[in-house]
Amino acid sequence: MGPRLSTSTSDAAAREIPGRRAPVLEVSDLRMTFGPTVALDGVALTVERGQVHALLGENGSGKSTLIKILAGYHRPDPGGRVLVAGRPLPFGNPTVADSHGCRFVHQDLGLVDSLSVVENLFLTSGFPSRWGTIRWPRLLRAAREDLARVGLDLDPRRPVAGLSPAVRTGLAVARALRPGAAEVALLVLDEPTATLPDDEVRQLLDIVRAVAAAGTGVLYVTHHLDEVFDVADVATVLRDGRVVATTPVPDLTRGRLVNQLLGSELDEAHASSQALPAPRARAVLKVRDVAAGPLRSLSVQVRAGELVGIAGLTGSGRESVLAAVFGMLRAERGEVMVNDVSLRPGDPRRAIDAGVAYLPANRKTHGGIMNLTGAANLTLPDLGPLWRPPLLRLGEERTVARTWFAKLDVRPAAAVHLPLAALSGGNQQKVLLAKWLRCRPRVLLLDEPTQGVDIGAKAQIHQQIVAAADGGAAVVVSSADVDELVALCHRVVVLRGGHAVAELSGEALSVPAVNRAALAAERTT
Ligand SMILES: Nc1ncnc2c1ncn2[C@@H]1O[C@H](COP(=O)(O)OP(=O)(O)OP(=O)(O)O)[C@@H](O)[C@H]1O
Ligand SMILES: [Mg+2]
């Protein structure tokens, strides 16, 4: 297999793991409650050596909870048992999970933005030092090897803050695979591809295959059904904390998998295709020749009621567009007008005052406040109507929150009272989107709006975005998910090398056409 992964398991190492005939992971009768919420209920699961085991389920079905128990984050209710390569795993101890050979890429990646790449790589394993002095040259060399193992060519001294979602994912995977005290027996990936374009998904899946081929068991969480058929040997589906089915992938069809996931058939094609509103004549958002970072020049006009998509691979400039328009990223050049107000580079406050709302791709660092309640997060950007000095009307805050949580089907129903951190990843995403929809913005800028959202909830979110456009908003969606752009937008602008290389609409707008424009062009440069 790929030479870059040959270090992950060797024959000698396999002999060192006791009970090497045993599956790498055996979970039985796992139960976990958070107050009244039953997150896991009698879960059993086995991952064999060299197997890629997909773990699926709707938002809030218990996937991350299971993983956090394996990682020693949560202690389950008494009674459950976990064996790693035949050895019992004591609960509630992150160090023990690591020494048993379990490695994790969590849903939020667990990177520290204020640190550099190399510091993040060694964050969990400790820095090699001699007499208390960190040995930087050696550290940098090791860091480069770790990055090369996952095909990343990146200066280890760079701060993590400025990295694209795809590179951040690669870095988290590199960290999980870095050789440590124990060989990697089990690699657990919690939605690693949520914001990756197809091309990078393929690269990641290659890594997953190579890791498994070397004997490591992989537990792979995803909402993307294609990936299950691409990479997994077995798929387990959770619903409401229980295992619905564990099926060898050759015995599965897409329809059967959807059925297991939702407990009913979902007409995916129907769910994602809906009538778009007719745009009004007036251009609300005018972007002229904006340049910021990898984005070299973009001009686009968006009318009220219009939905415009931005597509492009990582590095194409796509990831900078919305932040630059909003002013969060300081544009080097260009002009942004909302109606007749001209926005200032690096001045998001002015954008907000002009009626612009921006949902960033990175919800952990820019999107939400994890220790505030769902209701508080929702009402934060526009407290005006809820404010009667000196008091905030909390009762009304809850009522407003309940209405919006119902529209986007945020679960559980008690989510309005819970801190955002207690919601599942997909449900956090719904809260953050609801927060901006509620402001009825003139211009709605959405970066990866359905990242981590399950296939049922995605259609619901699309409906709400279309409703916002119908209400007169000019909407711009940037997404790695081309299907999403094609289903949701009147027009899609495709970027490559920092420039718009195609603009597709009507009959010409299709998934293959967008991919061709993004990829074919990329290959020739
Ligand atoms: N710290 C916590 N406190 C209270 N409830 C929690 C906590 N963590 C998770 N939950 C609840 O447990 C349930 C399962 O959540 P979990 O994060 O495991 O879902 P998930 O399957 O990973 O969903 P997603 O696809 O959205 O990431 C949800 O109802 C969630 O709200
Ligand atoms: Mg999760």
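The values are calculated or read from the model by the stated rules, or taken from the named source; none is laboratory data. This structure is a prediction, so every number in the text was calculated from the model and none was measured. Neighbour counts run over all protein chains shown; Cβ positions are idealised from the backbone, glycine included. Keep in mind that these areas ignore ligands, DNA and RNA; they rest on the heavy atoms of the full protein, side chains included. Shrake-Rupley method; radii C 1.70, N 1.55, O 1.52, S 1.80 Å.
Brief remarks on what is shown
- At the residue level, residue 476 shows approximately 10 square angstrom of accessible surface with a 1.4 angstrom probe and all protein chains present.
- Area accessible to solvent at residue 244, 1.4 Å probe radius, in Å²: 60
- Dipole-positive endmost among 501, 310, 323 within the chain (Cβ charges, Cα centre): 323
- The range 42-116 - Debye-derived log10 I(q)/I(0), Cα point model, q = 0.12, 0.18, 0.26, 0.28 Å⁻¹: -0.38, -0.83, -1.52, -1.61
- Stretch gain in nm, segment residue 353-residue 206, where the contour uses 0.36 nm per residue and the Cα spacing is subtracted: 48.3 nm
- Along its principal axes, the chain has C-alpha extents of 70, 51, 51 angstrom, given from the largest down.
- Rounded to 5, percent antiparallel among DSSP beta bridges of the range 131-283: 55
- FRET E, pair residue 87, residue 213, Förster distance 30 Å, beta-carbon r, rounded to 0.05: 0.80
- When nucleic acids and ligands are ignored and a 1.4 Å probe is applied, residue 337 ends up with an accessible area of around 40 Å².
- Kyte-Doolittle mean at least 0.5, axial Cα span of 15 Å or more - DSSP H helices of the chain: 165-177
- Taking every C-alpha pair closer than 8 Å and separated by at least 6 residues, the mean separation divided by the residue count of the chain gives a relative contact order of 16 percent.
- Computed from the Cβ-Cβ distance with R0 of 30 Å, the FRET efficiency linking residue 421 to residue 240 stands at 0.90.
- Per-residue ellipticity at 222 nm computed for the chain from its helices equals -10000 deg cm²/dmol, with DSSP H segments shorter than 4 residues left out and the rest contributing -39,500 (n - 2.57).
- Estimated inter-spin distance, residue 288 and residue 335, nm [label 7 Å along Cα→Cβ]: 0.2
- Unit charges on C-beta of K, R, D, E only; dipole of the range 395-496, Debye: 280
- If only the Cβ of Lys and Arg carry +1 and only the Cβ of Asp and Glu carry -1, the dipole of the chain around its Cα centre is close to 1300 debye.
- Straight-distance candidates among the lysines for linking to residue 63, with alpha-carbon spacing under 25 Å and chain neighbours fewer than 8 residues away dropped: 364, 407, 430, 458.
- Dipole axis of the chain (+1 Lys, Arg; -1 Asp, Glu on Cβ), positive-most option in 140, 101, 225: 140
- Cβ charges +1 (Lys, Arg) and -1 (Asp, Glu), total dipole of the range 250-356, debye: 440
- Solvent-accessible area, 1.4 Å probe, carbon plus sulfur percent, for the range 147-280: 49
- Beta bridge orientation in the chain: antiparallel %, DSSP, nearest 5: 55
- For the range 150-218, the spherically averaged projection of the C-alpha convex hull amounts to 5.1 nm².
- Full-extension gain in nm, residue 125 to residue 380, via 0.36 nm per residue minus C-alpha separation: 88.0 nm
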